[in-house]
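Novice: Sharing a structure here in structure tokens format.
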Amino acid sequence: MELVSYFELGDSEKLLLGEALKALETAYNPYSGFYVGAALQIGGVVVTGSNVENSAYGSTICAERSALVSAYAKGLRKISMLALISKGEDFDSVGVCSPCGSCRQMLFEASQVCNNDFVVIMSNSDKSEIVKASIGELLPLGFGPEDLGVDITKFK
Ligand code: THU
């Protein structure tokens, strides 16, 4: 886990964060007014997602899972990186956009599928604070297919 400045990011990391920033504008967020954008790097392709809320609040899907499901629906599973950024309706988020517990669990499974403990770049609204952490750092001792004795080789 490391705290970095925007200028320390590599070109591909900056580009991915830029895609996440664009994606947050598509958020369907009438209830919270909170905007989250996620961008997955999968080979040369970027798949984005934003949060999709629901009047039955618990049915809301976070930006991370929205991007993940979108990628899987395209048959894209070899994730190399994820970028996240958020903002409020009328305020900038002070802290970095850190995935919720459900998203960490889904991202952990995705990391098992692609055999890659990929890095998540988490940013606050104005990119003045950025944290980089791997999925294993975000969810240590994660529960996965192996724990159920399930072989996911054919999905890799
Ligand atoms: N949200 C995300 O999309 N990702 C996160 O990492 C944290 C929370 C969304 C869900 C909901 O639409 C809004 O932010 C407020 O919780």
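Novice: On a 0 to 90 degree scale, rounded to 10, what angle separates helix 101-113 from the longest Cα axis of the chain?
Specialist: Computed tilt is about 40 degrees.
Novice: Also: Quick check: Cα centre of the stretch 93-128 to Cα centre of the stretch 32-50, how many Å?
Specialist: 11 Å
Novice: Extending each Cα 7 Å along its Cβ direction at SER59 and VAL4, get the distance between those two points in nm, one decimal.
Specialist: My value for the distance between the label points is 3.9 nm.
Novice: If you line up the long axis of helix 11-23 against the longest principal axis of the chain, both from Cα atoms, how many degrees apart are they, to the nearest 10?
Specialist: 70 degrees
Novice: When the convex hull of the Cα atoms of the stretch 76-156 is projected onto a plane and the area is averaged over all directions, what value comes out in nm²?
Specialist: Working: hull surface 23.8 nm².
One quarter of the hull surface, i.e. the mean projection, equals 6.0 nm².
Novice: Any idea what the dipole of the stretch 7-105 comes to, in debye rounded to 20, about its Cα centre with Lys/Arg Cβ at +1 and Asp/Glu Cβ at -1?
Specialist: On the way: 8 positive and 10 negative charges, 103 e Å.
Magnitude of the dipole: close to 500 debye.
Novice: How much length, in nm to one decimal, is gained on full extension between SER134 and LYS14, taken as 0.36 nm per residue of separation minus their Cα-Cα distance? Provide the component values of the computation, followed by the final result.
Specialist: On the way: separation 120, 0.36 × 120 = 43.20 nm, distance 1.71 nm.
Full extension from SER134 to LYS14 adds 41.5 nm.
Novice: Helix-derived [θ] at 222 nm for the chain: sum -39500 (n - 2.57) over DSSP H runs of at least 4, divide by residue count, nearest 500? Walk me through the numbers before you get to the answer.
Specialist: Working: 4 runs with 41 residues, N = 156.
That comes out to -8000 deg cm²/dmol.
Novice: Taking only pairs that are 8 or more places apart or on different chains, how many Lys pairs in the chain have Cα atoms under 21 angstrom apart?
Specialist: 16
Novice: Using the Cα gyration tensor of the stretch 94-137, with a ≥ b ≥ c the square roots of its eigenvalues, what is the shape: rounded (a/c below 1.5), prolate (a/b larger than b/c) or oblate (neither)?
Specialist: On the way: a/c = 3.48, a/b = 1.99, b/c = 1.75.
Because a/c hits 1.5 or more and a/b exceeds b/c, the stretch 94-137 counts as prolate.
Novice: Which shape class applies to the stretch 1-134: rounded if a/c is under 1.5, otherwise prolate when a/b exceeds b/c and oblate if not, where a ≥ b ≥ c are the square roots of the Cα gyration tensor eigenvalues?
Specialist: Numbers: a/c = 1.64, a/b = 1.08, b/c = 1.52.
Note, shape of the stretch 1-134 comes out oblate.
Novice: Sticking with this structure for a sec: Which residues in the stretch 125-145 place their backbone N less than 14 Å from a point set 7 Å from the Cα of ASP117 along the Cα-to-Cβ direction?
Specialist: Backbone N within reach: 133-143.
Novice: For the chain, take the longest principal axis of its alpha carbons; what is the angle in degrees between that and the long axis of helix 63-73, to the nearest 10 within 0 to 90?
Specialist: Once rounded, one gets 40 degrees.
Readers should treat all values here as calculations from the given coordinates under stated rules, not as data from a laboratory. The structure displayed is predicted, hence computed values, not measured ones. Cβ: placed from backbone, ideal geometry, glycine included. Neighbour counts: every protein chain shown.
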